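What follows draws every value from the coordinates through simple rules; no lab data is involved. Everything numeric here is computed off the predicted structure, so don't read it as measured data. Cβ: placed from backbone, ideal geometry, glycine included. Neighbour counts: every protein chain shown.
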Amino acid sequence: MPHFIKNLQTVDGLISNLYGNISIEEMTKLITFHLEQQGYKVSDQGFGNLILEKGSRIQRLLLGAFVTYYKFSITMSPTPEGDLMVNIFQQTSGFSGGLIGMNQVKTELARLSFGFANI
């Protein structure tokens, strides 16, 4: 059953979604499961904070847009209404890959936004 209620905000480098009938622990497990299947390394920082990384930062610096590197952070917090607010922040600009790399990061954030809307 999808828990997604609505998108609260989407601005450059930030996605904020609202979910219902799910706890922080359950959402952490769900995010970890789905994103590890997509090749992300998910690091649990505790208290509803996650770091998502995909690719190699060093290879991105050396080879530019030929290598993908994405880094996002996720914060989760309960709302007064009992729902769960999930914020996804872009942690890398993609500038080391030039204009193509910056566009790759924007495209990946849009793809993640669609994926999170289906949770």
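When Gln59 is tested against (1) in contact with a helix residue (DSSP H, G or I) (Cβ under 6 Å, 6 or more places away or on another chain); (2) farther than 24 Å from Asn7 by Cβ, only condition (1) is not met. Scanning region 56-74 for residues that are of a type outside the set (Ser, Thr, Tyr), surrounded by 16 or more Cβ atoms within 10 Å (Cβ to Cβ) and not in a loop (DSSP other than H, G, I, E, B) yields Arg60, Ala65, Lys71, Phe72, Ile74. Flag: Phe95 matches the condition of being more than 13 Å from Thr28 (Cβ to Cβ), exposed (fewer than 13 other Cβ atoms within 10 Å of the Cβ) and within 20 Å of the chain's Cα centre (by Cα). Summed over region 16-26, residues that are in contact with a strand residue (DSSP E or B) (Cβ under 7 Å, 6 or more places away or on another chain) and over 19 Å from Arg111 (Cβ atoms) total 4. Can you spot a residue in region 67-75 that is aromatic (Phe, Trp, Tyr) and out of contact with any helix residue (DSSP H, G or I) (no Cβ under 9 Å at 6 or more places or on another chain)? No, there is no match, as no residue in region 67-75 is aromatic (Phe, Trp, Tyr) and out of contact with any helix residue (DSSP H, G or I) (no Cβ under 9 Å at 6 or more places or on another chain). Applying the condition of being without any contact (Cβ under 8 Å) to a residue 60 or more places away in the chain and not polar (S, T, N, Q) to region 1-11 and asking which residue is nearest to Phe95 (Cα to Cα) yields Val11.
I'd like the residue in region 1-52 that is part of a strand (DSSP E or B) and of a type in the set (Gly, Ala, Ser) and, out of all such residues, is surrounded by the fewest Cβ atoms within 10 Å (Cβ to Cβ). Filtering region 1-52 for residues that are part of a strand (DSSP E or B) and of a type in the set (Gly, Ala, Ser), the one surrounded by the fewest Cβ atoms within 10 Å (Cβ to Cβ) comes out as Gly46. Counting the residues of region 50-97 that are acidic (Asp, Glu), out of contact with any Lys or Arg (no Cβ under 8 Å at 6 or more places or on another chain) and without any contact (Cβ under 8 Å) to a residue 60 or more places away in the chain gives 1. Just to be sure, is Glu81 closer than 23 Å to Ile5 by Cα and exposed (fewer than 12 other Cβ atoms within 10 Å of the Cβ)? For Glu81, the condition - closer than 23 Å to Ile5 by Cα and exposed (fewer than 12 other Cβ atoms within 10 Å of the Cβ) - is met.
Taking the criterion of being of a type outside the set (A, V, I, L, M, F, W, C) and either under 14 Å from Phe116 (Cβ atoms) or over 9 Å from the mean Cα position of the chain (by Cα) (or both), the residues of region 71-91 that qualify are Ser73, Thr75, Ser77, Pro78, Thr79, Pro80, Glu81, Gly82, Asp83, Asn87, Gln90, Gln91. Exactly one residue out of Ser56, Ser43, Ser23 is within 13 Å of the chain's Cα centre (by Cα) and not acidic (Asp, Glu): that is Ser43.
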